[in-house]
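As structure tokens, the structure follows; a few thoughts come after it.
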Amino acid sequence: MSIELSAEVRESLILTAREAIASRLEGRAPRWPAYGEAAASPLGAFVTLHKLSAHGRRLLRGCIGRMSSELALSDTIRAMAISAAFEDPRFPPVTDGELEAIDIEISVLTPMERCAPEDVTPGLHGVYLKREYRSGVFLPQVATEQGWDRETLLEQLCVKAGLEAGSYAAPDAKLYRFSAIVFGELEP
């Protein structure tokens, strides 16, 4: 399945994510931008926050998402922006003073499809692995950012899920792939 999002819809979704965080920090009612019809589609999405280090490196500051959603995309983005800023257990909540230094990236996901390990193309596909009660996910851009090939991506997915090496190929493992439209405030 392919997803089409115009530049205007992408911009409104970025503004939505920033407004969700800013309005929470400032204790005021949010002022949402106008949305196109595509923002009403029920799609999964992740909101990722980055911040530059003192050495100019782009560091993760929060990332939360839903693999799928029954909510409108604009509502999912609102909820995930708040979660990424204030509820990611790996980081303290975002403060008013640092919001200006944070850049926002959004990944809108296609529906997941079950696949075999050889059906995964690093950089094109995100991956989700579930085995017993453990699971892990990587967005499509992670393999590219880390320079991982397919085998490394799948092995790192096992590590992230807390599973032993090679678990992605186990008979009881469920491996899924998906694609994403990735856009943000720091577009190349």
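Between amide H atoms placed 1.01 Å from N, distances below 5 Å from Ile64 occur with Val47, Ala84, all of them 5 or more places distant or on a separate chain. A simple spin-label model places pseudo-atoms 7 Å from Cα toward Cβ; at Asp75 and Ser6 they are separated by 2.3 nm. Here region 7-109 is assigned +1 on the Cβ of each Lys and Arg and -1 on the Cβ of each Asp and Glu. Its dipole about the Cα centre then comes out at about 280 debye. Estimated at 0.36 nm per residue, the fully extended path between Phe86 and Ala40 surpasses their Cα-Cα distance by 14.1 nm. The 3J(HN,Hα) values that the Karplus relation (6.51, -1.76, 1.60; θ = phi - 60°) gives for region 158-173 are, in residue order, 4, 4, 4, 7, x, 10, 6, 3, x, 4, 4, 9, 5, x, 8, 7 Hz. Gly and Pro appear as x.
What shape does region 1-48 take by its C-alpha gyration tensor, where a ≥ b ≥ c are the square roots of the eigenvalues and a/c under 1.5 counts as rounded, a/b above b/c as prolate, and the rest as oblate? The shape class here is prolate. The orientation-averaged projection of the convex hull spanning the C-alpha atoms of region 7-109 amounts to 6.7 square nanometres. The GNM of the chain, with springs linking C-alpha atoms under 10 angstrom apart, assigns the highest mean-square fluctuation among Glu87, Glu105, Glu37 to Glu37. Note on region 36-113 and region 124-188: Cα centroid distance 18 Å, given to the nearest whole angstrom. Tell me, in nm to one decimal, what length is gained between Glu185 and Leu52 on full extension, where the rule is 0.36 nm per residue of separation less the Cα-Cα distance? Once the chain is fully extended between Glu185 and Leu52, it gains 46.5 nm. Taken along the Cα-to-beta-carbon direction at a fixed 7 Å, the label points for Lys130 and Arg114 span 1.1 nm. Pull up the DSSP beta bridges for region 117-188 and report the antiparallel fraction as a percent, rounded to 5. Antiparallel bridges: around 90 percent, rounded to the nearest 5.
FYI, it's all coordinate maths here, none of it is from the lab. Computed from a predicted structure; not experimentally measured. Methodologically, a virtual Cβ is constructed for each residue, glycine included, from the backbone with ideal geometry; neighbour enumeration extends over all protein chains shown.
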